[in-house]
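The values are calculated or read from the model by the stated rules, or taken from the named source; none is laboratory data. Only a predicted model underlies this, so the values are computations on that prediction, with no experimental measurement involved. When we count neighbours, we look across all protein chains shown, and the Cβ atoms used for this are built from the backbone with ideal geometry, even at glycine.
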Amino acid sequence: MRAIRNSWALALGLVVAALANAGCSSTTSCSRDADTAEVTEGWQVFGNTYISAPNDSKNRGPWAYFPPARTLIFEHHLPGIPYQIAVWLAFQPEGTLAPSAGNLSIRRFSDDTQIAIKNDTCSEYWAWVEASLPVYSNGQGAAGASGEEAMSAAGASGEP
């Protein structure tokens, strides 16, 4: 009988813990209202790549403030719709960045002028965005070689 009582107590404890943690799984339970902010300063474009703030050994950040329930809109200044978008998060304005995952930064949309991400958590972060366009080389393969030369160079020419 005692084992059954302990099992029920353990099960009840697990349910209470799960419910307590579920409260912060999305912004519906946060005390902060949703808002939108545009990121217009600090951006740079290098060739076909946009970054939302400097990030090298001499200049880092500041990253864009990304509180709970906020949608950030980045104007990427690229000549097309970026195909690869990476969102990185930090706990401080110029802190160490880590790749975002899950509902930490939900991509709302991306088009030929903007990228929008939403913080769908109850936690505060700072965000850095990197976006790239594909580089097409007019029928050329890797490193400027024609398709046939690129396959031969890779050892996949199809010859025995």
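What are the pairs with Cβ atoms under 8 angstrom where one residue, in segment 107-122, is over 13 Å from Pro82 (Cα atoms) and among the acidic types (Asp, Glu) and the other, located anywhere, is assigned to a strand (DSSP E or B) and at pLDDT below 95? Sequence gap at least six, or different chains.
Pairs found: Asp120/Ile106.
When residues of segment 16-27 are filtered for being surrounded by 10 or more Cβ atoms within 10 Å (Cβ to Cβ) and either at pLDDT 55 or above or not small (Gly, Ala, Ser) (or both), how many remain?
Here the count works out to 3.
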